[in-house]
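First the structure, in the form of structure tokens, and then the observations on it.
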Amino acid sequence: TDFRRPPIQNFEGRHVDVFIDDTHTQALTQIASGMEGTLYGVLAGAIDILLNKLSGKEDVILGTTVAGRRHADLENVIGMFVGTLPLRNRPEQGKTVDTFLREVKDTTLAAMENQEYPFEELVDKLDIPRDMGRNPLFDVMFTMQNIAEKGRTGKTNESGDGRLTLNPIAKFDLTFTVRETLDGLGIKVDYAAALFK
């Protein structure tokens, strides 16, 4: 971080938009298919590697969201079922990128099998000391949205009309939101203004 973590979490945020064109997106997709994985797994692994490079940590927990509608009975039920899932990976020195991405794939699949386990119960069971300045289990969130929409939707609001939207709230130190579109990947990185310039 650029600044010391405040004792109580400050939710003021800023964001940076990045667009990855279709050529590079296809290259990432080929990496994923070569290891019988998904673009989601490759991007999650890339974020883990980035966090390792920036922090020097070889034990990274990345938060992600899950739909929470695994049962057919819930398909027509109105309401929000989104859950939070921690993905713990170890981008250790000496591992090849291929080896690490395969580990991320396996970890993600195993975590998805246990996505119905309540997040708060997990935190309680781990007996993690609470800190008012941060999330109890992870500081970085990753979400990916598949949107069949033409254009650089990483730089648009929900209506897709091309206007830049500001997000003054940062629930985590960093949040990577990826939107898969017809011509590439739009990536919005929200960051806590209290921690980063």
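Do you know which residues across the range 32-70 are open to solvent by 60 Å² or more (accessible area, probe 1.4 Å), among the polar types (S, T, N, Q) and farther than 23 Å from Asn114 by Cα?
Ser33, Ser55
Across the range 95-134, what is the number of residues that are under 25 Å from Arg5 (Cα atoms), in contact with a Lys or Arg (Cβ under 9 Å, 6 or more places away or on another chain) and of a type outside the set (Gly, Ala, Ser)?
Count: 3.
Find all pairs meeting these conditions: Cβ atoms under 8 angstrom apart; at least six residues apart or on different chains; first residue within the range 97-112 and within 15 Å of Val60 (Cα to Cα) and among the charged types (D, E, K, R); second residue at pLDDT 95 or above and open to solvent by 80 Å² or more (accessible area, probe 1.4 Å).
Listed by first residue and then by second, the contacts come to Glu103/Arg90.
Does the range 132-156 hold any residues that are out of contact with any Phe, Trp or Tyr (no Cβ under 7 Å at 6 or more places or on another chain) and at pLDDT 85 or above, and which are they?
Arg134, Pro136, Leu137, Phe138, Thr143, Gln145
Could you tell me whether any residue of the range 164-187 is open to solvent by 90 Å² or more (accessible area, probe 1.4 Å), modelled with pLDDT under 80 and not small (Gly, Ala, Ser)?
yes
Just one of the numbered conditions (1) open to solvent by 70 Å² or more (accessible area, probe 1.4 Å); (2) farther than 28 Å from Met112 by Cβ; (3) at pLDDT 95 or above is not true of Asp21; which one?
All conditions are met except number (1).
With the requirement that a residue be part of a loop (DSSP other than H, G, I, E, B), open to solvent by 90 Å² or more (accessible area, probe 1.4 Å) and of a type outside the set (Phe, Trp, Tyr), what does the range 113-142 give you?
Asn114, Glu116, Asp127, Pro129, Arg130, Met132 - these are the residues of the range 113-142 that are part of a loop (DSSP other than H, G, I, E, B), open to solvent by 90 Å² or more (accessible area, probe 1.4 Å) and of a type outside the set (Phe, Trp, Tyr).
Does at least one position in the range 17-32 carry a residue that is aliphatic (A, V, I, L, M) and under 28 Å from Ala194 (Cβ atoms)?
Within the range 17-32, one or more residues are aliphatic (A, V, I, L, M) and under 28 Å from Ala194 (Cβ atoms).
The values are calculated or read from the model by the stated rules, or taken from the named source; none is laboratory data. Just so it is clear, the model here is predicted, and its values are computed rather than measured. Heads up, the Cβs are rebuilt from the backbone with ideal geometry, glycines too, and the neighbour counts pull from every protein chain shown. The area values use the complete protein model at the heavy-atom level, side chains included, leaving out ligands, DNA and RNA. Shrake-Rupley method; radii C 1.70, N 1.55, O 1.52, S 1.80 Å.
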